[in-house]
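Step one of this worksheet: look at the structure below.
The values are calculated or read from the model by the stated rules, or taken from the named source; none is laboratory data. This one's a predicted model, so the numbers in the text were calculated from it and none came from an experiment. Cβ atoms come from the backbone with ideal geometry, glycine included; neighbour counts cover every protein chain shown.
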């Protein structure tokens with residue numbers, strides 16, 4: 001399996017929401033030596049496409065998501081979000097691009113415990129300057145999409161773990177991102193809630209034409225993806241046709 005296989009362009013290549021070319025990420029270790037985490041990653045993701053990334057613990061999967069989502073800049077190589085190259089953007093412009101183009105879902109929901117589900121989903125919109133009525137309406141629509149209309153006014157402590165994570169998904173979609181990045185999103189859920197969340201991801205990617213990149217150890221979630229890529233030795237390779245890759 002070659003790195004070229006990992007970057008092969010989807011059918012919607014002319015409308016890529018994410019493109020990474022020869023991405024390298026190096027950190028300075030505690031002893032002062034360089035630690036090379038990513039060694040030339042290539043990836044292209046189109047709207048409506050789901051890509052699962054698997055790999056051993058410590059392989060750099062979360063670091064890769066941070067670079068793809070412009071939370072960190074690559075040491076070298078190119079990352080383009082919605083057609084814009086992140087390396088050339090000043091910090092303020094990069095933050096604006098990230099906020100409007102990328103949604104993040106993590107293993108732990110990170111909801112604000114003093115606010116209701118509706119208020120948590122409204123938060124990115126209000127921070128972006130949207131009117132309260134507009135933010136409230138969009139948040140209600142998104143919570144309905146993830147099956148939480150009966151829970152609009154419940155605080156996180158009044159919801160199950162699965163409901164809290166679905167609220168986090170709705171919040172990630174508040175700004176209508178082109179790309180959704182999820183890091184072990186069902187890793188803290190029981191089987192039933194994990195499967196419900198996986199159903200929602202599959203539905204949203206298609207209905208909203210989202211590019212979805214998910215890091216997971218969950219076989220069920222990975223099997224729903226259009227492609228499953230292995231991060232190993234700092235590079236991505238396609239696992240198509242591999243037995244027991246997950």
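Among the conditions (1) in contact with a helix residue (DSSP H, G or I) (Cβ under 8 Å, 6 or more places away or on another chain); (2) closer than 25 Å to residue 26 by Cα; (3) surrounded by fewer than 18 Cβ atoms within 10 Å (Cβ to Cβ); (4) free of Cβ contacts under 8 Å to residues at least 60 places away in the same chain, the only one that residue 74 does not satisfy is (3). Scanning segment 99-111 for residues that are touching a helix residue (DSSP H, G or I) at 6+ places or on another chain (Cβ under 8 Å) and either within 19 Å of residue 163 (Cα to Cα) or at pLDDT 90 or above (or both) yields 103, 104, 105, 106, 109, 110, 111. Only a single item in (1) closer than 29 Å to residue 160 by Cα; (2) in contact with a strand residue (DSSP E or B) (Cβ under 9 Å, 6 or more places away or on another chain); (3) surrounded by 19 or more Cβ atoms within 10 Å (Cβ to Cβ) is not met by residue 44, and it is number (1).
The condition (being modelled with pLDDT of 90 or more and either over 28 Å from residue 193 (Cβ atoms) or surrounded by fewer than 17 Cβ atoms within 10 Å (Cβ to Cβ) (or both)) is satisfied by just one residue among 114, 85: 114. Screening residue 137 with (1) over 23 Å from residue 178 (Cβ atoms); (2) at pLDDT 95 or above gives one miss only, at (1).
With respect to the conditions (1) crowded, with 18+ Cβ neighbours inside 10 Å; (2) free of Cβ contacts under 8 Å to residues at least 12 places away in the same chain, residue 204 lacks only one, and its number is (2). Taking strands (runs of 3 or more DSSP E) as the structural unit, those lying wholly within segment 148-246 and holding at least 3 residues that are within 16 Å of residue 105 (Cα to Cα) correspond to 179-183, 211-215.
When 155, 126 are checked against the criterion of being out of contact with any strand residue (DSSP E or B) (no Cβ under 6 Å at 6 or more places or on another chain) and either modelled with pLDDT of 95 or more or buried (at least 17 other Cβ atoms within 10 Å of the Cβ) (or both), 155 stands alone in meeting it.
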